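**Q** Below are the structure tokens for one structure; questions will follow.
Rule-based calculations on the coordinates, nothing more; no lab input. Since the structure is predicted, the reported quantities are computational estimates derived from the model, not experimental observations. Virtual Cβ from ideal backbone geometry, glycine too; neighbours counted across all protein chains shown.
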Amino acid sequence: MNDTPGWASPGSASSDGQNGQDGQAGQDPAAPGPVRPADRPRPAEPAEPADGTNPSGPGPKWSKEQPPPAQWPSPGAPQDTPPQAPPPPQPGPGRGGQPPGGPGGYGPPGGYGGWGQAPGGHPGWNQGPGGHPGWGGGWGGPPPAAKPGVIPLRPLGVGEILDGAVSTMRTHWRTVLGISLTVAVITQIGVILLQGFVLDDSATADTLDDPSATAEELTRAVGTTLGSSGVVLLITLLGTIVATALLTTVTSRAVLGRSVTTGEAWRDARPQLLKLFGLTFLLPLIAVGIVGVGTLPGILLGLAGGGDGAVALAVLGGLAAGVVALWLMIRFSLASPALMLEKQSVPKSLGRSAKLVRGSWWRVFGIQLLATIIANIIASIIVIPFTFLAAALSGDGIGGFLDGGSGDLGWTFLVVSGIGSVIGSMLTFPITAGVSVLLYIDQRIRREALDLDLARAAGVQGYGSGTPGPTPGS
């Protein structure tokens with residue numbers, strides 16, 4: 001039995017209890033002999049012949065004198081239609097001849113071999129009742145899966161996941177770009193003000209460029225630079241978390257073909273924001289802790305005077321720990337949409353992500369890496385021209401900027417480069433968040449048949465009677 005929606009075995013009975021119309025498929029397989037026309041009176045039922053000459057012939061309810069085969073008119077034909085002679089036999093295949101069915105066929109033209117009609121002129125596997133198309137033109141595959149929103153409700157290919165993220169931004173552009181623009185503007189204003197008033201790195205840059213600076217001054221300058229970068233990264237991370245939370249709601253509704261306003265997305269995401277903050281900060285801490293544990297033996301050996309061996313041990317330990325950290329980060333990469341959409345706690349969302357990624361680590365890693373590369377390329381195309389424009393309008397010009405001139409480039413550089421960062425973030429936020437959500441939905445469809453729940457939620461009629469169509473990619 002085939003579970004695919006819209007499919008049925010050839011010759012099976014229709015859903016209303018009547019026999020099918022596909023050729024001889026509508027006959028009772030247990031009834032021998034030709035079908036008696038409906039408009040002929042039932043003949044008398046003599047007793048079964050006693051000579052036993054035809055033990056496998058018609059049963060006792062049929063007359064002994066049967067008409068020759070293929071001379072009954074089709075049901076519903078006029079009574080005065082003369083019986084037609086049986087068709088001539090088809091020549092068998094041979095070395096010098098053609099196979100039955102004519103050129104290019106494997107059977108009689110229009111018959112089973114031609115995939116057009118069954119014997120008797122009734123619709124076959126290629127046509128439905130009344131001559132209408134049946135299964136899609138001869139082994140054309142199952143019907144396409146339902147698509148109430150931006151993705152079809154079946155396991156997705158890589159291109160469909162990326163296309164779904166872009167389609168969400170294109171279809172619901174007011175909400176998506178509004179959220180991304182608002183978050184990017186607020187985040188970038190905070191970064192500009194912090195860099196302009198608090199993190200003035202001109203003295204730090206001069207110290208790092210001074211070859212006569214002492215070790216203490218260099219250490220202080222490096223610490224200041226790392227601290228400034230950490231604060232900027234923290235502000236950017238907070239904006240990314242808020243954008244991801246809001247866009248997760250928008251993408252999940254777009255899958256169902258429904259729109260959502262910014263206010264509705266905020267009300268839905270607000271209860272989970274604190275948990276999302278905790279999850280987002282927990283994952284980097286786990287990665288740093290693993291790398292620290294990997295490099296700790298080399299560091300301890302170096303403090304004990306291990307020399308070059310300690311450095312090699314620290315490097316090898318750091319590389320091995322980095323591989324483990326990467327493996328864990330991909331394993332937990334679906335925790336954010338699980339936390340937002342399932343309203344889970346942080347530990348449970350980590351467990352859900354690990355369960356969904358299990359057995360598909362390389363696929364999830366490849367899709368996440370591809371989405372990150374695409375987002376960075378888009379951001380670079382936008383940010384780099386604005387950076388050069390900002391350098392040309394302030395400081396020592398483009399030449400001084402390329403030569404690594406003074407770190408104090410002024411407010412003009414910060415504002416112009418900030419505008420480029422806002423535009424880049426406005427376009428990359430929806431891609432990264434959308435891919436993460438659609439990848440989470442795809443994994444749940446593959447493992448938990450989430451497409452059935454999505455179809456019911458979207459109001460798709462008659463969905464779930466079988467298996468959706470094939471996946472065009474993986």
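**Q** What list of ³J(HN,Hα) values in whole Hz, one per residue of the stretch 305-315 in order, does the Karplus curve 6.51 cos²θ - 1.76 cosθ + 1.60 (θ = phi - 60°) give from phi, with Gly and Pro shown as x?
**A** Here the 3J(HN,Hα) series is x, x, x, 5, x, 5, 5, 4, 5, 5, 5 Hz.
**Q** Another question, if that's okay. Any idea how far apart Leu237 and Thr182 come out in nm if each label point goes 7 Å out from Cα toward Cβ?
**A** 2.5 nm
**Q** Hey, can you rank 447-453, 222-228 by average C-beta count inside 10 Å, highest first?
**A** Final packing ranking: 447-453, 222-228.
**Q** Something else now. Can you tell me the FRET efficiency between Thr171 and Met329 if r is taken as the Cβ-Cβ distance and R0 is 22 Å, rounded to the nearest 0.05?
**A** On the way: r = 31 Å, r/R0 = 1.39.
Efficiency at R0 = 22 Å is approximately 0.10.
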